[in-house]
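Notes follow the structure.
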Amino acid sequence: DVKVTQSSRYLVKRTGEKVFLECVQDMDHENMFWYRQDPGLGLRLIYFSYDVKMKEKGDIPEGYSVSREKKERFSLILESASTNQTSMYLCASSLPRDPTNDEQFFGPGTRLTVL
Amino acid sequence: DQQVKQNSPSLSVQEGRISILNCDYTNSMFDYFLWYKKYPAEGPTFLISISSIKDKNEDGRFTVFLNKSAKHLSLHIVPSQPGDSAVYFCAASFGNEKLTFGTGTRLTIIP
């Protein structure tokens, strides 16, 4: 079974703090993704990575950066947390595109509250 | 610009009846579609998918229908069970591994 783990289930930070969200997958997947989920907005892609040290911006990258130093680990960084970054953050991983299967496997999520 | 839309934020269905969740998309380049199910405080889990070369795919109680001319897909759950109560997201992709998700529909199964 594919397992995607996230470092924290719940996190409370103060405005202006630097925040690190860690994600680890154990299935040797090339692709990793960071989303945020907000009510009425669904899942929105922040950043993704096709390979180690490679990253691409998603739909809402502003205020975020990422790091992928090892294949199994993908970190999301909030350089200076703001209250509008209070959200559920979801990490996912997948194999390279297969025409028969674009499935992504998700972690349990981190509920981040910025005060 | 919401390329994948789920126009019903919520849906209530009696246990044992059919649940039909709908999804519309605007980008005709999408060639693969997925449905995910999400319980509170958990990550989404994959439910069923369909390639654009098909118009129907079944897996047990779940069937996904794709109407390319209308840019519309639907998920049918028959019969609906209490454990089906969750938020359902449709997603679409083309040419790469990125998925574009809809806004979700909260399904409540009434016992």
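For this structure, a couple of remarks:
- Links that overshoot a 25 Å alpha carbon limit, given the list A:Lys3/A:Lys53; A:Lys53/B:Lys71; B:Lys5/B:Lys98: A:Lys53/B:Lys71
- When restricted to Cα atoms, chain A yields an Rg and a Dmax of 13.5, 44 Å, respectively.
- Reported to the nearest whole Å, the Cα centre-to-centre distance from the range A:11-52 to the range A:56-107 is 3.
- Ranked by the mean number of other Cβ atoms within 10 Å of their residues, highest first, the peptides A:20-30, A:40-50, A:85-95 come out as A:85-95, A:40-50, A:20-30.
- On the principal axes of its alpha-carbon atoms, the range A:17-71 has extents of 33, 25, 18 Å, going from largest to smallest.
- Surface composition of the protein assembly as shown: carbon and sulfur make up 50 percent of the accessible area, probe 1.4 Å.
- Remark: accessible area buried at the A-B interface is about 1900 Å², both chains counted, probe radius 1.4 Å.
- Take each residue of peptide A:33-42, count the partner chain Cβ atoms within 10 Å of its Cβ, and average: the result is 4.
- Percent of Cα pairs exceeding the 31 Å cut-off, where the set is the protein assembly as shown: 21
- Top of A:Pro61, A:Pro96, A:Pro39 by mean-square fluctuation, Gaussian network on chain A, Cα under 10 Å: A:Pro39
- Max mean-square fluctuation residue, GNM over chain A, Cα-Cα springs under 10 Å, options A:Arg14, A:Arg68, A:Arg36: A:Arg14
- Evaluated over the range B:1-103, the Cα radius of gyration and Dmax, each in Å: 13.1, 39
- For the options B:Ala91, B:Ala41, B:Ala70, a Gaussian network treatment of chain B with springs between C-alpha atoms closer than 10 Å singles out B:Ala41 as fluctuating the most.
- Cβ neighbours within 10 Å from other chains - mean over B:34-41: 3
- For the range A:53-96, the calculated P(r) over all alpha carbon pairs, in 5 Å bins from 0 to the bin holding the longest distance, is 5, 16, 30, 27, 14, 7, 1 percent.
- Test item: B:100-106 mean partner chain Cβ contacts at 10 Å: 4
The values are calculated or read from the model by the stated rules, or taken from the named source; none is laboratory data. Note that the coordinates shown come from a computational prediction; the quantities given were computed from them, not determined experimentally. Cβ atoms come from the backbone with ideal geometry, glycine included; neighbour counts cover every protein chain shown. In case anyone asks, the SASA skips ligands and DNA or RNA and just uses the protein heavy atoms, side chains included. Shrake-Rupley method; radii C 1.70, N 1.55, O 1.52, S 1.80 Å.
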